[in-house]
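Participant: Below you will find the structure I want to go over with you.
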Amino acid sequence: MRGRPARIERLPQQYFGGLLARVTEQAGLDGEPLVDLGRGNPETGPPAHVVEALDVAARLDSAHGYAPFRSLPELREALVERYRSVYGVELDPDAEVAVVPGTKTAIVELCLVLAEEGQTVVLPDPYYPDYPSGPALADAGRGQGRPPARLPHKERARVARSGIRKK
């Protein structure tokens with residue numbers, strides 16, 4: 001039987017998994033009851049008009065199927081316009097814009113595709129506790145950094161895009 005891949009052993013403990021394990025452990029102890037306020041689980045469902053709107057939308061033929069693999073071109077164009085108007089940065093919507101299901105997914109996938117063993121991946125600061133999983137899976141080192149806040153927006157975006165700040 002094949003053993004676990006070494007990259008799995010490099011993963012840091014999942015922060016919230018460890019936290020929930022401690023909550024579960026404490027809840028099982030004798031003493032005062034533990035009330036877990038860590039997650040907001042609603043006691044009631046959504047309003048009736050929301051359920052009705054979801055029901056109508058779910059019955060549309062156009063509501064079924066996979067989303068476009070590279071996202072909608074209109075979405076990528078809107079993102080390009082946002083970067084142009086807010087940061088003064090020009091982007092190619094077909095070559096420089098990726099729509100992903102979340103930042104954690106993007107960081108892991110980028111590390112696996114772009115980082116070689118022993119290279120350093122610079123993570124944003126502050127970062128979500130699971131971000132180090134990307135460099136760990138890629139067997140890359142981890143650095144932290146952010147473009148200095150005193151730079152103008154356009155320069156901060158250029159530094160962020162280049163990934164390297166020269167001193």
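Participant: Compare the Cα positions of Leu114, Ala21, Ala67 along the charge dipole of segment 1-152 (+1 at Cβ of Lys, Arg; -1 at Cβ of Asp, Glu; about the Cα centre) and return the one farthest towards the positive end.
Facilitator: Projecting each Cα onto the dipole axis, the largest value belongs to Leu114.
Participant: Further question: Quote the relative contact order of segment 1-120 in percent (integer), defining contacts as alpha-carbon pairs under 8 Å separated by 6+ residues. Provide the component values of the computation, followed by the final result.
Facilitator: Values: 31 pairs, mean separation 14.1, N = 120.
This gives 12 percent for segment 1-120.
Participant: So, one more: What is the ratio of the Cα radius of gyration of segment 1-102 to 2.2 N^0.38 Å, with N the residue count, to two decimals?
Facilitator: Rg over 2.2 N^0.38 Å, computed on Cα atoms: 1.79.
Participant: At 7 Å along the Cα-to-beta-carbon direction for both Thr103 and Tyr128, put a label point, then send me their distance in nm to one decimal.
Facilitator: 0.8
Participant: Okay, next question. Test of understanding: what is the full-extension gain from Leu72 to Glu52, defined as 0.36 nm times their sequence separation minus their Cα-Cα distance?
Facilitator: 4.5 nm
Coordinate-derived values only; no laboratory data. For clarity, every value in this text was computed on a predicted model and none was experimentally measured. Glycine gets a Cβ as well: all are built from the backbone with ideal geometry, and neighbour counts include every protein chain shown.
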